Every structure is written in C-alpha cells, then in structure tokens.
Amino acid sequence: MSKNDIRILHIYYLLEIILFLIIKVAEQAWREPGQGDPGVPGSPLAILRYCAIICNFLMIIYLYLRYGRYLYSRENLIPLAFALTLTADCFMCIIAGKRILGYLFFTFVETVYMIYMKPTWRNISVRLILYSIIFLLLWRVGMLHADNAFAMANMVQLTVNLPCAWIRRTKIGGRETLLFALGITLFAGCDYAILVRTIAEQLLSTTHPIYTIAAFVVWTCYIPAQVLLLRSYVESIIASDKQNMTQS
C-alpha cells in the first residue's frame, strides 16, 4: 500500500474512534429515565450511528477501487458484505418501520461471510438443520412471522459463522484470519446483545440492569466489529502486495 493510502487509513481509524466515543456518550446523555434505546430510526443518535457505517463503506470502497483488481474474487466479497451492511443499517437507523428489510439484508451479509469462508457441505447441512428447528419452534408457538423468520435466519447464519471463523483461523493462521474471526466475534456479540435487550424489554423493563447492559454492548461491539472486518481486508491487500513483489 502507498504511504498516502496508509495515511487515509489512519484518518479513517481516528474518525471511527471519534464517532464511537460521541455515540457512546450520546447513548447515555440522550436517554431519558425509563426510556429504551434513544436511537430509534431517524433520530439524531441513529443518524450518528449510520455515519459510522457510511465511513466504513466509503473506506472499503476506496480500497476496493484501488486494490480490488489485484485480489481474488473471494477476497472481494468483503466489500460486498459492507455494501449489504450499509443497506441493512439504512432500514435499522434511517427508515422507520422497515426493520424486516434490515433483518433480511443482514441475513445476506452473513451469507456472504459464509461464502467467504468456503463452507463445506457439512457446514451447510448444520445451517439447514438449525433453520428447520428454529422455524418449527416459531411455528409451534405461533410466532412464525416474516420479521421473526428473517431475524432468526440472521442469527442462525451468524451463530454458525462464529465457530467457522475460528476454525478457519486455526487451519490457515495469519493476521487476516485473526482479524476476521475477531470481527465476526464482536458482530455476534452485538446481535446476541440485541436479542438479550429485546427479551429484557419484553419480560423485565427498560430500567432493569440486564436491559441497560445489553443496550450498552450493542454498538460497543458493532462499530469495532466493522473496523476489524475492514482491517482483515487490508491484510489481504498487504499480503497481495508482498506476493506481487516476490514474483517481480
């Protein structure tokens, strides 16, 4: 990578850190007593959150346009996942009443990450079995609606992607696989925290410590997850540069 591109990356990291800190402060400052998450779609906090996602997208698109042609098609699935993430979060943060589309696009995101890791037939079979079990349970309890189905589909993909990322890390090694596995781990932490927050809101209250902790964890995990996944793409670029230098 050129020195100029490294400087741009450093600016991106700094901007993400600043946005992260502003978001975490705003989550507490803009939350009224007894209120749930103040970051409802279209709110100032939600727009701030979406700005962090836009920064991630712009950075990885820049890297793709600069270096994507030197990488394998599989490695360029990461920018595709970021484009889908940008779309998913638009329905979560900006457009109200369309969370079902957010769940759908996040399922696409996790499916792209699944393809990136080259799934085996056994891996795919596990996913299909989990899909069947989850959908059967939702049907038995009368909750098999489209929004629940897409939300659970995303959870299934992410739940299986998590161990697969670390298995891939063990088999291949290297910084790229480590950063990718850490990114997927924090991504999972975000989604599990959303699940806990939702259950706590329905069964307990928005003032309960479980809800408060889960709500704090969501974006505490999510923004670093995206940065780590982008950094794994950077490592692929660096590895490609070294390989090209060796061949020349």
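A few points about this structure:
- Screening the candidates 197, 231, 168, 175 for the property of being touching a residue at least 60 places away in the same chain (Cβ under 8 Å), farther than 19 Å from residue 100 by Cβ, of a type in the set (Lys, Arg) and surrounded by 14 or more Cβ atoms within 10 Å (Cβ to Cβ) yields one hit, 175.
- Condition broken by residue 43, with the remaining ones in (1) modelled with pLDDT of 90 or more; (2) open to solvent by 30 Å² or more (accessible area, probe 1.4 Å) satisfied: (2)
- Residues that are over 22 Å from the mean Cα position of the chain (by Cα), basic (Lys, Arg) and open to solvent by less than 80 Å² (accessible area, probe 1.4 Å) do not occur anywhere in the range 9-24.
Let's see how each residue does on (1) hydroxyl-bearing (Ser, Thr, Tyr); (2) under 12 Å from residue 157 (Cβ atoms); (3) assigned to a loop (DSSP other than H, G, I, E, B):
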| site | (1), (2), (3) |
| --- | --- |
| 82 | no, no, no |
| 90 | no, no, no |
| 114 | no, yes, no |
| 118 | no, no, yes |
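Here's the yes/no breakdown for (1) at pLDDT 90 or above; (2) of a type in the set (Gly, Ala, Ser); (3) farther than 15 Å from residue 229 by Cβ:
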position: 162; (1), (2), (3): yes, no, no
position: 167; (1), (2), (3): yes, no, yes
position: 171; (1), (2), (3): yes, no, yes
position: 176; (1), (2), (3): yes, no, no
position: 179; (1), (2), (3): yes, no, no
position: 183; (1), (2), (3): yes, yes, no
position: 187; (1), (2), (3): yes, no, no
position: 192; (1), (2), (3): yes, no, yes
position: 201; (1), (2), (3): no, no, yes
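- Neighbours by Cβ (under 9 Å, 6+ apart or cross-chain): first from the range 16-40, under 14 Å from residue 224 (Cα atoms); second of a type in the set (Ser, Thr, Tyr) and part of a helix (DSSP H, G or I): 20/220; 24/220
- Candidate set: the range 50-104, residues that are open to solvent by 50 Å² or more (accessible area, probe 1.4 Å), of a type in the set (A, V, I, L, M, F, W, C) and within 14 Å of the chain's Cα centre (by Cα); chosen: the one farthest from residue 13 (Cα to Cα): 80
The values are calculated or read from the model by the stated rules, or taken from the named source; none is laboratory data. This is a predicted model, so every value here is computed, not measured. Cβ: placed from backbone, ideal geometry, glycine included. Neighbour counts: every protein chain shown. Only protein heavy atoms, including side chains, enter the accessible area calculation; ligands, DNA and RNA are left aside. Shrake-Rupley method; radii C 1.70, N 1.55, O 1.52, S 1.80 Å.
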